[in-house]
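Data block below; observations after.
The values are calculated or read from the model by the stated rules, or taken from the named source; none is laboratory data. In this text, all values refer to a predicted model and were calculated from it rather than measured experimentally. Cβ placement follows ideal geometry from the backbone for every residue including glycine, while neighbour counts extend to all protein chains displayed. Accessible surface areas use protein heavy atoms only, side chains included; no ligands, DNA or RNA. Shrake-Rupley method; radii C 1.70, N 1.55, O 1.52, S 1.80 Å.
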Amino acid sequence: MSTRPDPSTTDATRRPVSVTGVARMKERGERIVMVTAYDFPSARVAERAGVDVVLVGDSGAMTVLGYDSTVPVTVDEMLVLVRAVRRGLQTPLLVGDLPFGSYELSDEQAVATALRFVKEGGCEAVKLEGGGPTSAARARAIVAAGIPVMGHVGLTPQTANALGGYRAQGRTVDAALRVAREAAALQEAGCFSLVFEAVPTAVAGEIMARTTVPVIGIGAGEVTDGQVLVFHDLLGIRDGQGARFVKRYADLQDAMVAGVQAYAEDVRSGDYPQAEHSYAIDGQVLAEFRNALS
Ligand code: KIV
C-alpha cells in the first residue's frame with residue numbers, strides 16, 4: 001500500500017494557506033473553512049476537499065483515541081496524530097492543539113510545548129484554550145517566540161468541569177462579558193485568530209464587532225468569519241448525534257459497518273477471495289516446486 005499522495009488528487013494551483021492569508025480572507029469577507037483531522041487519511045480528505053485550515057484538535061483524544069474527555073491526552077500522543085496529518089497535507093494551514101496540562105504551568109512550559117508542535121509536528125500554528133490571565137499570558141509568550149497562536153473561548157472542553165459541564169457559555173450578562181473579555185485579552189496577546197465555541201449567536205455578533213482577527217465559530221452561529229466542525233461529527237463516524245451545533249453531512253460509520261459486514265459474510269461463505277484477488281504461478285515452476293518439496 002502506498003501512502004504517497006496521488007498528485008491527481010491535489011489541486012496544484014492552490015497556494016498554501018498562511019496566517020496572513022487567513023487574515024486576508026477576513027478582509028475580503030471570504031468565509032474560512034476549518035475542519036479537524038487526526039491521521040493521514042483524514043488529512044488527505046481535508047486536502048482534497050479544499051479546506052483552508054486543518055486543526056489537529058485534542059478532540060482526537062475522544063474521536064480516535066477513545067478517551068472519555070480531552071483531559072488525558074498527552075503531548076506525545078498528540079504529536080503522533082499531528083505528524084500523520086502533516087504527511088497528508090500540502091495546502092491548508094496546519095494548527096496543532098496544545099493539550100491540557102502542556103502549557104498552563106509557566107510561559108517556559110508553553111513555549112517548549114509549542115516548539116515541539118512546530119519542530120516535531122510540522123505545525124504552522126498552535127491553539128490553546130481559555131482567555132483568562134494564564135492562557136492570555138501563555139499565548140503572548142508563544143507569539144513572542146515566533147509561533148502563531150489561535151485562541152479559543154466560550155466552551156473550552158479542557159476545563160469543562162470548571163464551566164459546569166459541556167454547555168453553551170455566555171448566556172448571562174456576566175458570562176457573556178467574560179467571553180468578551182477573554183476574546184479581547186487573547187487578541188491583545190497577539191493571537192492571529194480565535195475560536196468561539198457554543199456561544200449564543202447574538203453574543204458572538206457583539207464580540208465580533210469588537211474583534212479584528214478572524215474568528216472561527218463552532219456553535220456560535222453564522223456571524224463568525226468561518227466555521228469549524230470535528231471530522232468525525234460531520235461525517236458521522238461516531239455513535240450518537242453529538243452537540244446541537246453539529247450538522248452531519250454523511251453517515252460513514254454505518255457505511256463502514258456495512259462494508260465490514262459484507263466482507264465477513266463473503267469470507268464465511270467462501271465468496272472471497274476469487275481468482276481475480278489471487279496470484280498465479282507458471283505451471284513449470286509449480287511442478288518444480290512440488291518436486292523440491294517432496
Ligand atoms: O479539539 C477540537 O477539535 C477543537 C475544535 C472543536 C475547535 O478545539
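Couple of notes before you dig in:
- Matching residues, region 263-277, being over 37 Å from the mean Cα position of the chain (by Cα) and among the acidic types (Asp, Glu): 271, 276
- Residue check, residue 260 farther than 15 Å from residue 57 by Cβ, β-branched (Val, Ile, Thr), at pLDDT 95 or above and within 17 Å of the chain's Cα centre (by Cα): no
- Within region 113-157, the only residue that satisfies the criterion of being of a type in the set (Val, Ile, Thr), under 16 Å from the mean Cα position of the chain (by Cα) and open to solvent by 20 Å² or more (accessible area, probe 1.4 Å) is 118.
- Checking 19, 80, 45 one by one, the residue that is free of Cβ contacts under 8 Å to residues at least 24 places away in the same chain and more than 23 Å from residue 155 (Cβ to Cβ) is 80 and no other.
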